[in-house]
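The values are calculated or read from the model by the stated rules, or taken from the named source; none is laboratory data. All of these numbers come straight from a predicted model, not from anything done at the bench. Positions of Cβ are generated from backbone atoms using ideal geometry, with glycine treated the same way; all protein chains shown enter the neighbour counts.
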Amino acid sequence: MIRTADAEWKGTLKEGSGIMKLGSGAYEGQYSFKSRFENGSGTNPEELIAAAHAACLSMALAAGLEQAGTPATRIATTAKCTVEKVGDGFKITRMNLEVRGQVPGIDAAGFAKAAEAARDGCPVSTALKGNVQLVLDARLA
């Protein structure tokens, strides 16, 4: 599988703007210096990485729970991507993953263990592992 996305930027860094869109057509949105480094309207690459990570972890956890014979009725994940100035540039340094699940027939320890396995194995986590601190808070809802 190959997934695609496109981005176009026009103008200078601080005054310019861009549009990014997913190859599937499911999303198209604006981004700018202000939406990335301040509180301007639009999205930014880090927000999209957080969304991808939340979705990936939720699906991986649902799959793992189902394979273990305790399918979830609901998995909700919030990912918070931290960007910090490091040296002369900026770096994604941390991803906080807050997972809440409704899973009949599992206890808190079993859910936490399944969430850790999902965090360690989902494709977005493996892409970030070793470069970004992945912090997990997994609890039954």
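Summary of computed values
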{"quantity": "Residues of segment 39-54 classified as in contact (Cβ under 8 Å) with a residue 60 or more places away in the chain and either surrounded by fewer than 21 Cβ atoms within 10 Å (Cβ to Cβ) or charged (D, E, K, R) (or both), total", "calculated": "2"}
{"quantity": "Selected residue (criterion: surrounded by the fewest Cβ atoms within 10 Å (Cβ to Cβ)) from residues of segment 56-78 that are touching an Asp or Glu at 6+ places or on another chain (Cβ under 8 Å) and closer than 25 Å to T43 by Cβ", "calculated": "T78"}
{"quantity": "One residue from V124, V135 being surrounded by fewer than 16 Cβ atoms within 10 Å (Cβ to Cβ), in the same structural domain as L61 (by TED's automatic domain parsing) and under 21 Å from E46 (Cα atoms)", "calculated": "V135"}
{"quantity": "Any hit, segment 101-110, residues being at pLDDT 95 or above and either within 28 Å of I19 (Cβ to Cβ) or under 11 Å from the mean Cα position of the chain (by Cα) (or both)", "calculated": "no"}
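Listed here are the residues, each with its yes/no results for (1) under 30 Å from K14 (Cα atoms); (2) among the hydroxyl-bearing types (S, T, Y).
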| position | (1), (2) |
| --- | --- |
| A52 | yes, no |
| T73 | no, yes |
| E84 | yes, no |
| G105 | no, no |
| A115 | no, no |
| D120 | no, no |
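Condition check ((1) closer than 16 Å to A118 by Cβ; (2) over 11 Å from the mean Cα position of the chain (by Cα); (3) not aromatic (F, W, Y)) across all residues:
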| residue | (1), (2), (3) |
| --- | --- |
| S35 | no, yes, yes |
| E38 | no, yes, yes |
| S41 | no, yes, yes |
| M59 | yes, yes, yes |
| R74 | yes, yes, yes |
| A79 | yes, no, yes |
| K85 | no, yes, yes |
| D88 | no, yes, yes |
| V99 | yes, yes, yes |
